[in-house]
Amino acid sequence: MVDSDLFEVTIEANGQTETCQANAVTVANIARAMTVLAQGPATIEEDDGLLDVTIVAIRGFADAVATTFHLATSALREVPAERDNIGHFRTAEVRISCKEPKRVMVDGDDVCGTPIIVRCLPKSLTVLVPAPVE
């Protein structure tokens, strides 16, 4: 979920509950470097069974430019984002709720609203491929 204004969000994960202000909360399993708002951690671990959660709070245009640049360059250098307005952590499950309901995008599609629970289900993707040609 992304908003141009700060909103109050409560995040429950790993036995902890935190409430903060954010413009964006991104939950990703395997985020490409081009997905800038998902680039809090140093590296993407595609088979760790965990979700990467990144929270961003931007105040003003200059902060938006600096934050975006920092997220992009830290991802390319494979180092964690380290700005006061960026938080990130890994978890197998996260519950996100907002004081005022927010729309939730999944793979670019508007699918539901908050509150939402996201779980990582390791080894749950089945890929079908054609039989080998003999």
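The values are calculated or read from the model by the stated rules, or taken from the named source; none is laboratory data. Bear in mind that the values here come from a model prediction, so they are computed numbers and not experimental data. Counting neighbours? That spans all protein chains shown, and the Cβs are built from the backbone with ideal geometry, glycine included. For accessibility, only protein heavy atoms count, side chains too; no ligands or nucleic acids. Shrake-Rupley method; radii C 1.70, N 1.55, O 1.52, S 1.80 Å.
Can you pull out the residues in the range 82-94 that are open to solvent by less than 50 Å² (accessible area, probe 1.4 Å), closer than 18 Å to Asn29 by Cβ and not β-branched (Val, Ile, Thr)? Explain how you work it out, then say what you get.
Taking the range 82-94 first, the residues open to solvent by less than 50 Å² (accessible area, probe 1.4 Å) are 85-87, 91-92, 94.
Checking the rest, the ones that are also closer than 18 Å to Asn29 by Cβ come to 91-92, 94.
Ala92, the sole residue that qualifies.
Given the residues Ser97, Ser74, which is the only one that is part of a helix (DSSP H, G or I) and either out of contact with any Gly (no Cβ under 6 Å at 6 or more places or on another chain) or open to solvent by less than 60 Å² (accessible area, probe 1.4 Å) (or both)?
Details: Ser97 fails: part of a helix (DSSP H, G or I).
Being part of a helix (DSSP H, G or I) and either out of contact with any Gly (no Cβ under 6 Å at 6 or more places or on another chain) or open to solvent by less than 60 Å² (accessible area, probe 1.4 Å) (or both) holds for just one of Ser97, Ser74, which is Ser74.
Give the number of residues within the range 100-134 that are farther than 21 Å from Glu46 by Cα, in a strand (DSSP E or B) and charged (D, E, K, R).
Final tally of qualifying residues: 3.
Examine the range 78-101 for a residue that is more than 24 Å from Thr10 (Cβ to Cβ) and within 14 Å of the chain's Cα centre (by Cα), and state whether such a residue exists.
no
Of everything in the range 113-127, what is among the β-branched types (Val, Ile, Thr) and within 24 Å of Ala24 (Cα to Cα)? Give them in sequence order. Working first, answer last.
Filtering the range 113-127 down to residues among the β-branched types (Val, Ile, Thr) leaves 114, 116-118, 126-127.
Across the range 113-127, the qualifying residues are Thr114, Ile116, Ile117, Val118.
Would you confirm, using the coordinates I've provided, whether Ala66 is more than 26 Å from Leu125 (Cα to Cα), at pLDDT 80 or above, hydrophobic (A, V, I, L, M, F, W, C) and surrounded by fewer than 15 Cβ atoms within 10 Å (Cβ to Cβ)? So that I can check it myself, show each step before the final result.
Numbers: more than 26 Å from Leu125 (Cα to Cα): yes; at pLDDT 80 or above: yes; hydrophobic (A, V, I, L, M, F, W, C): yes; surrounded by fewer than 15 Cβ atoms within 10 Å (Cβ to Cβ): yes.
In short, yes.
Any idea which of (1) touching a Ser or Thr at 6+ places or on another chain (Cβ under 9 Å); (2) outside any strand (DSSP E or B); (3) of a type in the set (A, V, I, L, M, F, W, C); (4) modelled with pLDDT of 75 or more is the one Val27 doesn't satisfy?
Exception for Val27: condition (2).
Please give the number of the condition Ser124 fails out of (1) open to solvent by 40 Å² or more (accessible area, probe 1.4 Å); (2) hydroxyl-bearing (Ser, Thr, Tyr); (3) in contact (Cβ under 8 Å) with a residue 60 or more places away in the chain.
Result: Ser124 passes all but (3).
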